[in-house]
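The values are calculated or read from the model by the stated rules, or taken from the named source; none is laboratory data. Computed from a predicted structure; not experimentally measured. Don't worry about glycine lacking a Cβ; one is built from the backbone with ideal geometry, like all the others, and counts go over all protein chains shown. Each accessible area value is taken on the protein alone, full model and side chains, heavy atoms only, with ligands, DNA and RNA left out. Shrake-Rupley method; radii C 1.70, N 1.55, O 1.52, S 1.80 Å.
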Amino acid sequence: MSKIGARRGPAFWQSSLKSLLAELHADGSGLDEADAARRIAFYGPNVLRPRRERAIVLQFLSRFGNPLVILLLAAATISAFTGDVASFVIIALVVVLSVTLDFVQEYRAGRAAERLKQSVALRASVLRSGRPIEIAADQIAPGDVVLLKPGGLIPADGRVIGARDFFVNQALLTGEAYPVEKHAGEIGDSPSDLSAASNAAFMGTSVISGTASMLVCRTGTATALGEISDSLVVKPPATAFESGIRNFGLLILRLAILMVLFVLLVNAFFHRPWLESFLFAVALAVGLTPELLPMVVSVTLARGALRMAKERVIVRRLPAVHDLGSMDVLCTDKTGTLTEAQIRLEKHLDPLGRESARALERAFLNSSMETGLKNPLDAAILRHTEVDVSGWRKVDECQFDFERRRVSVLADDGRQRLLVLKGACEDVLRNSTRFEADGPEHLSPLDDPARLGVAKLFESLSREGFRVLGIAWKETARDQVHAVVDDESELVFSGFLAFEDPPKASAAEAVRALTASGVKVKVVTGDNELVTQHLCAELGLPVTEVLTGSEILEMTDPALAARAEAVNIFCRVTPPQKNRVIQALRSRGHVVGYLGDGINDAPSIHSADVGISVDGAVDVAKEAADLILLDNDLGVVHRGVLEGRRTFGNIMKYVMMGTSSNFGNMFSMAGATLVLPFLPMIPVQILVNNFLYDVSEIPIPMDSVDREYLERPRHWNITSIRNFMIVVGLVSSIFDFLTFYLMRHVFHAGEQLFHTGWFVESLATQVLVIFVIRTQGNPFRSRPSSILTATSLVVVAAATALPFTPLGARLGFVPVPGLFFLILAGMVIAYLAMVQIVKLWFFRRFAAE
């Protein structure tokens, strides 16, 4: 078996089909499962970047590549060579335990998230053992026969061996602005560039209309897309979540550098041992760094994704869980989201408003012969099976596109050849010059009075909430074999089709719930404003302003951004205009979600902060989406929004608690170096303190979140985090310095007793303050999860008991007198009360998020 993707000579679309089949050892009827498995093993999976999963051991060891971990272990090793082997063993043990906790939690979360993503992975229809089956796209092999349909992504490079009105958008590879038609056949010695390959289709391009069968010739990295995939990978703009994480990391890095430099300078000034001072400074940096943040983020997002899966929402990109909670604008189409998508054809009228069987017949002829992606309107037309068009045959088709908003077919019944057109009523009327007064034998000019009458009828139907299509036709020459856009002029207007799509029962409640939760719902649709306003009235969605596609066309981007704030209905918009609306809202600082399921929605789904699609959507829409709804229901979106806010709330708990407590303790240590004749805590004690504190915070992803926190969108606010860290951290430092005073002047503590007393006090205060900081309100009214409570209390008990154990003695601790614990209890109560007072003042003063 030769690797066809790497061979020299003619491109596969230039070879004869016979020679191609021989080279692939295929017969064009598909593979059997055993042969497919052998080929996948030989060629590799059909993916652009084969995912080589490293062994678990290697993944674990890679965690030790963290610069702080390396620095800490290196310093500990130096201490071992100087004779302090015990310190080396303890530091190494603490580091290994911390890394293991981080790795195990994040690995399990990653596996769970990956299983969810696989449940909505791209699939393809192939012939296996002579029958069509659905398989994962990465299991396609050269020699397979893939069946292609409108809206699908082409999963590999291949030769078209059967086609019917098959048009493909391949702008991704060739830059061609318009769809190109593909057909079966030989093209011989034509140019070898992709744009000349009219008998081939390529991975990553999408089917616009028609159907085809394709012999797979190249997969994975051997495809045209695979060869240029690196150059196509353009990193998208950072999402709100990614920007927040990056800015937070920079804040911590700056603080760590300043504090470490300060400590080193102070210890150098007092001529303290350089190795001990260096270890202390490194331990200080580790203590200040919220090293569990990656684990907490990963586990919290993964748990959020799992909970969303129970709500029938599949998360394809984990940070989208946060972005959904931060979303403050949701743009959505009407059909299927706000309406039932159970469209019924209620009326078929002639231009004078009378019932017209001929208008229905013309529409049925058009829909039955159209090969593009059938929409619900076509389905409603084709349910009228009483219409008989068996005497007609299709000659050609001019496909639907979102600029023209119409589709026409050229058909012949043996007596006449007609171009039959249906589409947006305004566009059909614009191209019509006559109308049927009493059937095709009595045509009247569509002059101004007649045009006004037809327009009034159209407006009347729209105000009643009907979605209206116009039907028109024209007779052509009997020898005409192609339908082109230029033929769509001087038409005869045949009448109207009026469709009803009732509002979804759950949509009104979902819109109210989203609005109450601080999410503005904006309708972005190709329908006209009258139909859309009627629907909004039925849903109880107040219309603020309306903007049409023709108005958007005349506006600059800044002007659109200014108008988009107030507008909540965008009507008669094209796909590029939808995308402009999304970008305009984002430019105003909004976190924007977009919900869509069609080919025309893919660019907007990709451009939004949160791209949302549904399980029944076309492939290109699902591939662009961050979230897939298994139920097309806005109520599911609202529940997902609340889950996103709950997830972000737990992440922010860790950030607020970790930064304020760590900053307070490290600030106290740095300050103590100025007044104490010894280090306030030796490096290994700092690491044990930090490790036990991290253990107490592991259950945070499982914690509950206050209902009040879910009431509005939440965003990263680095200024607020920094201010909270400093304010609460300084409160912590006040009690730390009080502890220093008591230990030195009440208990007359030497170095070991001082270390022990402050170790117990610092751990008790920073662990128990979790219950104050985890809520913005009254901690007695906000119930924490039982596992968080239990873990925190166990950690405090362990820290209290540690000085009385042999391990404590090895760490340099000594037993403390009973009076210390009485004083400690009073200090902890006073500290928690002070933090609660400062916290309430802070949130009132700074309105922190």
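Key figures for this structure:
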quantity: Spatial separation of Cα centroids for the range 321-390 and the range 637-680, in angstrom; calculated: 55 Å
quantity: 841, 473, ranked by accessible area, largest first (probe 1.4 Å); calculated: 841, 473
quantity: Prolate/oblate/rounded label for the range 492-628 (Cα gyration tensor, a/c 1.5); calculated: rounded
quantity: Computed accessible area, residue 569, all protein chains, 1.4 angstrom probe, square angstrom; calculated: 0 Å²
quantity: Accessible surface, 1.4 Å probe, highest first, among residues 13, 392; calculated: 392, 13
quantity: Separation of the residue 747 and residue 830 label points, Cα + 7 Å toward Cβ, nm; calculated: 1.6 nm
quantity: Entries of 182/622; 149/622; 310/578; 149/522 with Cα pairs more than 20 Å apart; calculated: 182/622; 310/578; 149/522
quantity: Residue 181-residue 674 pseudo-label distance in nm [points 7 Å out on the Cα-to-Cβ vector]; calculated: 8.3 nm
quantity: Spacing of the two label points (7 Å from each Cα toward its C-beta) at residue 481 and residue 443, in nm; calculated: 2.6 nm
quantity: Å² per residue, accessible surface of the range 290-369 at 1.4 Å; calculated: 30 Å²
quantity: Modelled FRET efficiency - R0 30 Å, residue 509 with residue 344, Cβ distances, 0.05 increments; calculated: 0.80
quantity: Förster radius 22 Å - calculated FRET efficiency between residue 838 and residue 778, Cβ distance, rounded to 0.05; calculated: 0.90
quantity: Whether the range 669-727 is rounded, prolate or oblate, judged on the alpha carbon gyration tensor where a/c under 1.5 counts as rounded; calculated: oblate
quantity: Per residue value of the accessible surface for the range 527-640 (all protein chains in place, 1.4 Å probe), Å²; calculated: 34 Å²
quantity: Segments 651-664, 672-685 sorted - mean Cβ within 10 Å per residue, highest first; calculated: 651-664, 672-685
quantity: Between the range 749-810 and the range 129-153, the Cα center-to-center distance that results, in Å; calculated: 59 Å
quantity: Segments 197-206, 474-483 sorted - mean Cβ within 10 Å per residue, highest first; calculated: 197-206, 474-483
quantity: Heavy-atom accessible area order for 845, 434, largest first, 1.4 Å probe; calculated: 845, 434
quantity: Residue 12 accessible area, assembled protein chains, probe 1.4 Å, Å²; calculated: 10 Å²
quantity: Two-site FRET efficiency, residue 734 against residue 565, from Cβ-Cβ distance with R₀ of 41 Å, rounded to 0.05; calculated: 0.35
quantity: Candidate aspartates and glutamates for bridging to residue 18, where Cα separation is under 17 Å - those fewer than 8 sequence places away on the same chain excluded; calculated: 27, 144, 186, 189
quantity: Carbon plus sulfur fraction of accessible area for the range 646-685, probe 1.4 Å, in percent; calculated: 75 percent
quantity: Contour minus Cα-Cα distance for residue 388 and residue 789 (0.36 nm per residue); calculated: 137.1 nm
quantity: Area accessible to solvent at residue 722, 1.4 Å probe radius, in Å²; calculated: 100 Å²
quantity: Residue-by-residue Karplus 3J(HN,Hα) for the range 462-467, coefficients 6.51, -1.76, 1.60, Hz, glycine and proline x; calculated: 5, 5, 7, x, 7, 8
quantity: Spatial extent of the range 367-462: Rg and Dmax, with the Cα atoms as the point set, Å; calculated: 14.8, 38
